[in-house]
Amino acid sequence: MRRGVRLGVDVGSVRIGVARCDPGGTLASPLDTVRRGPAAVAEVARLAADNDAVEVIVGLAVGLAGREGKAAAEGRAFAAALAEHVAPLPVRLVDERFTTVLAHAALQRGGQDSRARRGSVDKAAAAVLLQGALDAERSTGEPAGQLVPAGEARK
């Protein structure tokens, strides 16, 4: 298992949830929420730099049947732009099916009402995504997901 802080990024239509893990790569926790828009890539890159991240994991919204739709295309585009911005820091795409549903359920179990959950669910979903990637890497010995080449945004 590689050591160092990793960020998890859940790209939503309005907000982008960001999580980080401890330097040992054991436990993911919610970090911040970034508003979608022209400055979002730079803001996530700043969070990566501020946290001395060694890698960024971006969620890929794949449908239940394994097909990629509009949300997956947006996630891929965001990951490509981020890879360009943070190079040579690796950016990886990881399947994020059910992360938001799991985050909502966990927050509800924690006693948050639906209004409070709206403000927390994006970064909680990023933590679920990142924890899944960390667990997968720990069990297989290989990094989760697929590496996003830094030059993809220019294509």
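The values are calculated or read from the model by the stated rules, or taken from the named source; none is laboratory data. Small disclaimer: the values here were computed from a predicted structure and weren't measured. Neighbour counts run over all protein chains shown; Cβ positions are idealised from the backbone, glycine included.
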*Count of residues meeting criterion [part of a helix (DSSP H, G or I) and either at pLDDT below 95 or β-branched (Val, Ile, Thr) (or both)] in the stretch 78-93*: 1
*asked:* Testing Leu107 on (1) among the hydrophobic types (A, V, I, L, M, F, W, C); (2) surrounded by fewer than 19 Cβ atoms within 10 Å (Cβ to Cβ); (3) at pLDDT below 55, one condition comes back false. Which one is that?
replied: (2)
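Any residue at all in the stretch 67-82 that's on the phi < 0 side of the Ramachandran plot, of a type in the set (A, V, I, L, M, F, W, C) and in contact with a His (Cβ under 8 Å, 6 or more places away or on another chain)?
no
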